[in-house]
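Each remark here refers to the structure printed beneath this line.
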Amino acid sequence: VIEDNKIYGSHRSGIEIAGGVSGLTIRNNTIRNNNSTNGGLADPNLKYGNGILIVRMGSDKTSPTAMGVDGLMIQGNAIYDNEKNGIYMGPINSNISITGNDFHGNGSDAIQADLTEAYYGGTYAVNDQMSGIVANGNTISGNTGYGARVVGTPTSGFTLDAINNWWGCPCGPSGEGPGSGDAVSTNVDYSPWYA
């Protein structure tokens, strides 16, 4: 359990989880202002500047069966003002529950599920081995990119379950949604939403 911490000012990401992890809970933390320029080392690499980063293990990244995270609870955190994403997930992850969090002011997306795993530059891309990702009961507003985004095209029917969230407007999310709140991409189930 990672609980009741203030995690901020990291040059890398606030919390980084790389492969083979199960049964972890991240709750009631403040995760903010993680930025690739902290420490004066600006780096465009996706590993820098996220609130929470969830990827497969780097030591077996050439394998299509590389171990990802299975069984993770992210609950009740304030995740904001990070340079890139509030939460970034690579394509080999399953059974992740994201509930009751407050995402705002992140420089890219609040929640990004990357089926192509740009984290490793596309060189070792493993596509679409993601399942059981649920993001419900969150407050998602004022993020620069998307509120919830799936990068890449699912081939196994994957959809990010992002129903029952507040998107910053009673009319719902923008993008693929009908409203003017934070945007959602294709392959995100956003309805119903909190009004």
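Quick notes on this one:
- Qualifying residue in segment 126-144 (condition: under 18 Å from D114 (Cβ atoms) and without any contact (Cβ under 8 Å) to a residue 24 or more places away in the chain): no
- Taking the listed residues S13, S22, S63, the one that is of a type outside the set (D, E), under 13 Å from the mean Cα position of the chain (by Cα), part of a loop (DSSP other than H, G, I, E, B) and modelled with pLDDT under 95 is S13, with no other qualifying.
- Residues that are modelled with pLDDT of 70 or more and either buried (at least 20 other Cβ atoms within 10 Å of the Cβ) or out of contact with any strand residue (DSSP E or B) (no Cβ under 9 Å at 6 or more places or on another chain) (or both) within segment 47-60 comprise Y48, G49, N50, G51, I52, L53, I54, V55, R56, listed in sequence order.
- Matching residues, segment 77-91, being surrounded by fewer than 24 Cβ atoms within 10 Å (Cβ to Cβ) and of a type outside the set (D, E, K, R): A78, Y80
The values are calculated or read from the model by the stated rules, or taken from the named source; none is laboratory data. It should be emphasised that the depicted structure is a prediction, and the values quoted were computed from it without experimental measurement. Quick reminder, even Gly has a Cβ in these numbers, built from the backbone with ideal geometry, and neighbours come from all protein chains shown.
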